[in-house]
Amino acid sequence: MYDQDSILDPDFSHFLNKRIEENLYRTLGPKRDQKKSDFYSNDYLGLSDNPEIRNKIVQLVHNGLNFGSSGSRLVSGQNESIEKLEALSSSFFKTEEAIFFPNGYMANLALLSAIPTRHDTIIYDEECHVSLKDGMRLSLAKKMSFKHNDLADLEKKLKPLKGKIYVVAEGIYSMSGSLVPITETADLCEKYEARLIIDEAHSTGTIGEKGEGIVISSQMKKKVWARIYTFGKALGASGAFLAINQQTKQMLVNKAHPLIYSTSPSPIQCEICFLQLKHLIDNPTIVSELQRVIKYWNEKTFEGNLNISRNFSSPIQYCIKRGNTEAIILSKYLQNTDIQIKAMLSPTVPKGNERLRITLHRTNTSSEIDHLLETIRNFENIF
């Protein structure tokens, strides 16, 4: 008789032990501690514990809001909450259609697995998020990468291609915090008649006067074929939507397995996202408050040489530590001083570019930033 509690698979044991030996063993992260300085979450605008939204959701539930959606959107899962959210998203982010998913991973999977065909080619920035790469992997299209933010390499890859081409990039890259050169990339795609897809996951709520993201704030909307916006980062909730035209939406409804075969997001999730987006729309100054924190960071890091990034406009910064072991030691050193931070290890980042990923928030104080930088300096002096 099979007993799952007593039988260990030797292949699993070998894999896990090897991960431990190479300092690559992953564990679930610690819970957020409100008493500690947050330099590791994606809650850039500090909205994930918004008491105003919490009270409104409690009232909606009290008034009879359903817990579950009851089925996929093609069967019984279509509801007023999701339609209302998509309408507001379309209006604010200036898109013909918005189609909502439980998270950004599912949105990327849906778009890239369903739309490009075996006759098409996808060219993607080598630093693209794994959710984009997994979506491409499920596609039958040919795939190739180009060097990060390297327009010359992108053009070299575009020149010989024939047929339908999709170019995939991100507004802000999650590990380096660098911004896509959106104008030049869009112009290049226009030149070669390629369809540009921009994942605005980390630029939603952080870039632009109103947090509208890099495409709209750069006035490149007409040159970008599709965009992905998330609620799970700066907007402090969970979920994502694709900003697309009507025909592409119809294609997804007919072809995208993550949409067709998944239970629709719950009305509660949709209402939370709606209220958080509405809060951003009604309070655009929270974006400039975040940008002031980023400006302070860049001013302070200019004063010292700690191998620390200075990404202007981006809430994602980093401190390079060569090798997984050194990155882990520094992260634990900081965690012991009430700083919540996370080491990013190879192969998540390229070998030799292991780092502490430092995320800045509207709620981070100047004293917290000073303390973080001073603690890193102390580490360098000790080790």
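Out of all the residues in the range 352-367, which are touching a residue at least 60 places away in the same chain (Cβ under 8 Å) and either hydroxyl-bearing (Ser, Thr, Tyr) or farther than 14 Å from Arg292 by Cα (or both)?
Passing the criteria: Arg355, Arg357, Ile358, Thr359, Thr363, Ser366.
Please note which helices (runs of 4 or more DSSP H) are completely contained in the range 175-268 and include at least 1 residues that are in contact (Cβ under 8 Å) with a residue 40 or more places away in the chain and closer than 19 Å to Arg73 by Cα.
246-255, 257-260
Could you say which residue among Cys273, Cys319 is part of a strand (DSSP E or B) and in contact (Cβ under 8 Å) with a residue 12 or more places away in the chain?
Cys319
Looking at the range 1-23, which of its residues are modelled with pLDDT of 85 or more and in a loop (DSSP other than H, G, I, E, B)?
Answer for the range 1-23, where residues must be modelled with pLDDT of 85 or more and in a loop (DSSP other than H, G, I, E, B): Leu8, Asp9, Glu22.
Find all pairs meeting these conditions: Cβ atoms under 8 angstrom apart; at least six residues apart or on different chains; first residue within the range 9-32 and touching a residue at least 24 places away in the same chain (Cβ under 8 Å); second residue of a type in the set (A, V, I, L, M) and in a loop (DSSP other than H, G, I, E, B).
Within 8 Å, the pairs are Asn23/Leu345; Leu24/Leu345.
Looking at (1) in the same structural domain as Ser331 (by TED's automatic domain parsing); (2) over 30 Å from Leu345 (Cα atoms), which is the one condition that is false for Leu60?
(1)
Listed residues Ile316, Ile281, Ile268; which is buried (at least 22 other Cβ atoms within 10 Å of the Cβ), β-branched (Val, Ile, Thr) and either under 20 Å from Tyr105 (Cα atoms) or within 21 Å of the chain's Cα centre (by Cα) (or both)?
Ile316
The values are calculated or read from the model by the stated rules, or taken from the named source; none is laboratory data. What you see is a predicted model, and the numbers here were worked out from it, not measured in a lab. For neighbour counting, all protein chains shown are included, and Cβ atoms are generated from backbone atoms with ideal geometry for every residue, glycine included.
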